[in-house]
Amino acid sequence: MAVLALDPHIAPPAIVLQVADRERPAAGGGRLLPSGFLSTSGSQIVDAGGRSVRIASIGWNGTDSPPGAVLAGLWQVSYRTVLDAIVAGGFNTVRIPWTDAGLDVPLNGYNDRLGWIHTSLNWDLVADPAPDANGRYRYVTTLQLFEKVVSYAGQIGLKVIFDHHTNEGTEQKNGLWFDLGPGSAGRDGGVKGRVTAETFKQNWVRIARTFAGNPTVIGFDLHNEPNGEKGLITWGGGGPTDIKAMCETVGAAIQSVNRDALIICPGPFFYAPPPAASGMDPGFATPSGNLTAAGTNPVKLPIANKLVYTVHEYPDEVSDIARFDLAQSGAAYVDRMNRGWGYLVRDNIAPVWIGEMGSSLRTQADRDWAATLIGYMSGDYGNQGGPTFGPGQQPISGSWWLIGPSNDPPYGIQTEWGIGNFRSEQRDITDRMLMR
């Protein structure tokens with residue numbers, strides 16, 4: 001059930017108490033990103049003045065779930081409090097997922113499975129101040145929620161990256177960014193396909209147009225974790241499952257309505273070496289995302305200095321890589337990053353943003369993973385072929401998973417919702433990925 005709402009046109013006292021909180025600088029020695037949009041120069045992400053910056057982001061889940069799902073934690077705190085907590089953690093950006101099926105669906109404030117809404121703390125998520133015959137309120141849609149989140153994030157200096165997570169709100173079983181039409185079997189796992197490649201593109205255009213000219217929204221992460229294990233995805237060569245072509249087509253469509261945001265292109269995941277005909281290096285597995293072809297066959301956009309590539313890096317706790325006999329720390333792990341994506345940064349070809357990374361850090365193996373990855377991002381493995389960074393340059397950007405508490409690995413960075421309550425073992429790592 002929903003909590004009885006206050007007048008949605010009047011901010012409740014809880015919101016007033018947060019004014020001082022939102023004026024605090026980013027914690028952990030980190031810095032907020034400068035105002036304005038970002039671009040790229042070689043392997044660096046730069047601000048409007050050409051100065052190198054580091055996207056130090058954290059994920060906020062919830063709207064990656066079935067239609068009507070709310071951002072996590074809104075059953076207990078306001079969305080403003082969550083954004084304040086992100087800044088208090090030293091982060092300068094939040095990564096927020098969306099699904100095609102859920103974009104226009106009103107938030108479900110009553111279903112425990114999707115997360116109900118603490119209405120009096122999220123008073124402006126009520127679309128109609130008059131409840132229905134059952135005493136229930138009608139809430140805004142997911143896209144309208146995003147507009148409110150972006151508005152408040154802009155007030156506190158926090159940037160936003162939107163991530164297309166799935167088509168239907170469940171794990172994308174077909175490995176693709178669409179589930180209907182040529183290239184797809186017309187299904188996404190057990191769910192009947194409803195989203196064509198064209199629908200996917202037009203939904204991105206709509207989001208891009210919604211936030212055009214708004215410097216709070218700095219990037220669009222085109223698709224979460226495309227899975228090459230199904231044998232469908234190629235890099236180049238054309239066809240409906242060519243992920244390079246998707247990034248170019250969708251990226252160009254976005255840039256036609258929004259020239260300013262970064263276009264973030266993912267490498268497809270391969271727990272085993274990809275097929276020889278894939279267009280990618282078939283020599284080794286890349287469970288974090290295969291960008292082996294991006295150096296010689298790069299994504300090309302009409303506005304070229306807006307391209308960022310992305311991978312996800314997790315230890316076995318999350319990614320289950322041990323059963324494939326893949327290293328998660330040490331020299332072998334460094335070599336895999338070098339070959340899979342790190343060379344793009346090392347050779348000054350393009351920036352790479354680690355769009356998800358995280359661990360509960362409760363075992364020595366997890367801690368070794370974190371030490372290797374954060375050291376690699378910081379330029380500590382130049383003697384093993386990794387990237388290094390000179391004066392005025394920023395290390396590799398990353399996004400920790402995730403804000404809030406969680407009962408599933410890698411758990412959340414907080415022990416409970418609110419401002420503070422950070423797990424010290426995770427903060428010891430995230431403090432090292434902040435922008436200085």
Within region 121-145, residues surrounded by fewer than 18 Cβ atoms within 10 Å (Cβ to Cβ), of a type in the set (D, E, K, R), closer than 13 Å to Leu107 by Cβ and out of contact with any Asp or Glu (no Cβ under 8 Å at 6 or more places or on another chain) come out as Asp128, Arg136
Subset of region 41-72, residues among the hydroxyl-bearing types (Ser, Thr, Tyr), at pLDDT 95 or above and out of contact with any helix residue (DSSP H, G or I) (no Cβ under 8 Å at 6 or more places or on another chain), comes to Ser52, Ser57
Filtering region 317-337 down to residues that are within 22 Å of the chain's Cα centre (by Cα) and more than 12 Å from Ser288 (Cα to Cα) yields Glu317
In region 201-231, anything surrounded by 21 or more Cβ atoms within 10 Å (Cβ to Cβ) and modelled with pLDDT under 95 is listed as Gly228
The residue that is farthest from Pro268 (Cα to Cα), considering only those in region 135-174 that are hydroxyl-bearing (Ser, Thr, Tyr) and outside any helix (DSSP H, G or I), is Tyr137
Filtering region 378-421 down to residues that are of a type in the set (Phe, Trp, Tyr), in contact (Cβ under 8 Å) with a residue 60 or more places away in the chain and buried (at least 22 other Cβ atoms within 10 Å of the Cβ) yields Trp400, Trp401
Being surrounded by fewer than 18 Cβ atoms within 10 Å (Cβ to Cβ) and either at pLDDT below 95 or more than 23 Å from the chain's Cα centre (by Cα) (or both) narrows Ala304, Ala272 down to just Ala272
Contact list, first residue from region 105-132 and in contact (Cβ under 8 Å) with a residue 12 or more places away in the chain, second anywhere and surrounded by fewer than 20 Cβ atoms within 10 Å (Cβ to Cβ) and basic (Lys, Arg), beta-carbon distance below 6 Å, six or more apart or interchain, is Ala127/Arg138
Taking region 343-377 and keeping only residues that are aliphatic (A, V, I, L, M), outside any loop (DSSP other than H, G, I, E, B) and buried (at least 20 other Cβ atoms within 10 Å of the Cβ), one is left with Leu344, Val345, Val352, Ile354, Met357, Ala370, Leu373, Ile374, Met377
Val195: passes all of (1) crowded, with 17+ Cβ neighbours inside 10 Å; (2) in a loop (DSSP other than H, G, I, E, B); (3) of a type in the set (A, V, I, L, M); (4) without any contact (Cβ under 8 Å) to a residue 60 or more places away in the chain but (4)
A careful count of residues in region 324-355 that are at pLDDT 95 or above, at positive phi and of a type outside the set (S, T, N, Q) gives 1
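Yes/no per residue for (1) under 17 Å from Asn61 (Cβ atoms); (2) at pLDDT below 95:
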position: Ala322; (1), (2): no, yes
position: Met357; (1), (2): yes, no
position: Leu361; (1), (2): no, no
position: Ser399; (1), (2): yes, no
position: Ile429; (1), (2): no, no
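With the requirement that a residue be polar (S, T, N, Q) and either within 15 Å of Leu222 (Cβ to Cβ) or buried (at least 24 other Cβ atoms within 10 Å of the Cβ) (or both), what does region 279-301 give you?
Thr286, Ser288, Asn290, Thr292 - these are the residues of region 279-301 that are polar (S, T, N, Q) and either within 15 Å of Leu222 (Cβ to Cβ) or buried (at least 24 other Cβ atoms within 10 Å of the Cβ) (or both).
The values are calculated or read from the model by the stated rules, or taken from the named source; none is laboratory data. In this text the structure is predicted, and so the values were computed from the model without any measurement. Neighbour counts are summed over all protein chains in view; Cβ atoms, including those assigned to glycine, are modelled from backbone coordinates with ideal geometry.
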